[in-house]
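Structure, as structure tokens:
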């Protein structure tokens with residue numbers, strides 16, 4: 001999520017979520033995730049105005065071979081925390097290089113939400129992610145009518 005939920009990643013234009021230049025950087029950075037983390041696969045991703053949803057599959061052997069993977073005191077290489085931190089850092093760095101974001105301002109909130117999804121729920125989560133833009137548009141329409 002962006003700092004203070006600033007809508008800097010996308011805009012709603014004519015009932016569509018359209019990426020801003022910073023949102024485009026996030027999208028390309030997310031597509032490059034498997035290059036930097038070959039054991040990870042982006043199953044579904046959507047960028048919203050102030051946040052993104054990404055469903056990542058991590059090969060089971062990476063988790064099984066790293067006993068510290070589940071410890072909170074240590075952030076192991078290859079963890080979701082490492083991946084998300086890398087995506088946030090790369091997106092911010094590129095946005096600053098392109099002068100789309102101030103060098104002194106934080107782009108992201110420091111935390112993020114992470115959940116383990118069972119194989120039975122993957123399609124439900126994919127649908128939730130895919131439908132997120134429409135839910136936002138419906139919410140905006142309801143607010144306009146009030």
Residue 145 paired with residue 82, simple spin-label distance in nm, labels 7 Å along Cα-to-beta-carbon: 4.9
Rg [Å, one decimal], Dmax [Å, integer] - the chain, C-alpha atoms: 16.4, 54
For a label point 7 Å along the Cα-to-beta-carbon line of residue 43, residues of the stretch 75-108 with backbone N under 16 Å: 80
GNM top mover of 22, 35, 46 - the chain, alpha-carbon springs below 10 Å: 35
Likely footprinting exposure, 26, 31, 9, 136, fewest C-beta neighbours within 10 Å first: 31, 136, 9, 26
Where labels lie 7 Å past Cα in the beta-carbon direction, separation of residue 11 and residue 137 in nm: 1.7
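What is the stretch 3-145's relative contact order, in percent, from Cα pairs under 8 angstrom and six or more apart in sequence? Could you put the intermediate results ahead of the total?
On the way: 148 pairs, mean separation 36.0, N = 143.
Relative CO of the stretch 3-145 lands at 25 percent.
Using 0.36 nm per residue of separation minus the Cα-Cα distance, give me the extension gain between residue 102 and residue 3 in nm, one decimal.
Working: separation 99, 0.36 × 99 = 35.64 nm, distance 1.29 nm.
Net length gain for the segment: 34.3 nm.
Read the figures in this text as sums done on the coordinates, not as results from a lab. What you are looking at is a predicted structure, and each value in this text was computed from that prediction instead of being measured. Virtual Cβ from ideal backbone geometry, glycine too; neighbours counted across all protein chains shown.
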